[in-house]
Structures are given as structure tokens and as C-alpha cells.
Amino acid sequence: MRYAQGGGLTDERRAFRERLRMEASERFALGDENAVIAHELRVSVRSVQRWRKAWSQRGPRALASKGRASLPLLSDELFAVLEQELAKGPVAHGWPDQTWTLSRIRTLIGRRFHKSYTVQGIAALLKRHGWSCQVPARRAVERDEAAVAGWVKETWPSVEGPWRRSGPGSSSRTRPVSR
């Protein structure tokens with residue numbers, strides 16, 4: 001994403017930047033220098049240079065905003081339908097438990113609306129509409145503590161392997177003891 005805080009400009013910010021470019025366009029017609037325009041508009045000289053080049057080639061229309069970078073795949077109406085589908089629960093859509101995951105929501109959108117999102121795109125879509133990640137507050141009722149403890153004591157050490165030597169070592173890379 002180009003803008004780390006949420007992926008793009010708001011309509012107000014886009015309009016503000018377009019007003020800056022149009023004001024620069026008027027200043028180009030008056031013959032003002034790039035550095036003066038940049039200082040007064042509080043933008044970089046390089047931006048003013050780019051704007052002047054576009055203005056000289058295609059006129060003031062070249063500095064007009066081109067709109068949003070991309071249109072959302074799901075309109076507000078379709079997102080309302082998605083919320084209704086999510087309210088039915090995962091079991092109603094064929095999953096074995098009552099947990100919505102991003103990949104399940106992605107599959108649901110693909111099945112229901114024939115649209116393709118990435119998992120990160122689903123997360124951004126839900127966050128944009130006020131949804132948040134929910135984590136269970138307590139452990140599952142089905143959890144077998146004895147089986148978990150046995151696995152940690154018996155299986156995990158063989159999978160993980162030893163982290164340290166049993167004897168003293170050396171921090172020197174050239175001493176044989178450290179190899």
C-alpha cells in the first residue's frame with residue numbers, strides 16, 4: 001500500500017491536493033518560478049517540477065484529480081448482504097464450527113458474489129466497516145490438559161532438539177570447543 005495508515009486518500013484530502021495543483025497551474029501561467037511556488041504552497045520543488053511538466057504538455061486538465069485509485073469490489077449494498085450472510089454463522093455455510101476466519105470469509109465472498117479478495121484485503125474491508133478481530137476469552141471445553149502436558153513433555157523435546165550444549169563452550173569462533 002502506498003499510504004500505510006489505511007490505503008489511500010480520503011475524498012477531502014484528494015480535493016485539497018487538487019486545489020494545490022490548480023493554484024500552481026495559475027501560478028505557472030503567471031510565470032512564477034518553481035521554488036517560489038513550492039515555498040508558498042508548502043510542497044516540494046520536485047512536485048512543482050512534475051506539475052509544471054504535466055501542465056506544459058497537456059494544460060491544466062493534466063493536474064486534475066483522477067479519482068480514487070481503485071473502486072471497492074464490494075459496494076455498500078453488497079457489504080450489507082455479506083453482513084447478513086455472516087450473521088447466519090459459519091455452520092450455515094458448511095463449516096464445522098462457529099468460527100469465522102478471514103479465509104472462510106474470503107471463500108464466502110467468492111461463492112456468493114463471485115469476487116476475489118486477498119486475505120489482507122478481507123481484513124482491510126472488515127476494518128473499514130467497523131468489524132474487529134475477536135479472540136476467544138477462555139479455552140475450549142474440549143481441551144484435554146493431560147494430553148497437552150504429555151505432548152509437551154514427550155513429543156516436543158524430540159521435535160525441537162537441544163538449544164545449548166551440555167558442557168561449557170566458548171564464544172570464540174576459532175577455538176575447537178565452540179564448534
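Within segment 129-144, being surrounded by 10 or more Cβ atoms within 10 Å (Cβ to Cβ), closer than 25 Å to LEU9 by Cβ and without any contact (Cβ under 8 Å) to a residue 12 or more places away in the chain holds for one residue alone: TRP131.
The single condition among (1) surrounded by 14 or more Cβ atoms within 10 Å (Cβ to Cβ); (2) farther than 19 Å from PHE16 by Cβ that LEU63 does not meet is (2).
Checking segment 83-93 against the condition returns no match, with no residue being surrounded by 12 or more Cβ atoms within 10 Å (Cβ to Cβ), more than 27 Å from the chain's Cα centre (by Cα) and free of Cβ contacts under 8 Å to residues at least 24 places away in the same chain. Applying a threshold of 6 Å to beta carbon distances and a minimum spacing of six or more residues, or different chains, the list of pairs starting in segment 17-34 at a residue that is exposed (fewer than 15 other Cβ atoms within 10 Å of the Cβ) and ending at one that is in a loop (DSSP other than H, G, I, E, B) reads GLU18/SER65. Of all the criteria given as (1) of a type outside the set (A, V, I, L, M); (2) over 29 Å from the mean Cα position of the chain (by Cα); (3) modelled with pLDDT under 95, the one not satisfied by GLY6 is (2). Counting the residues of segment 105-122 that are crowded, with 16+ Cβ neighbours inside 10 Å and not β-branched (Val, Ile, Thr) gives 5.
The values are calculated or read from the model by the stated rules, or taken from the named source; none is laboratory data. It should be emphasised that the depicted structure is a prediction, and the values quoted were computed from it without experimental measurement. Glycine also receives a Cβ, built like all others from the backbone with ideal geometry; neighbour counts cover every protein chain displayed.
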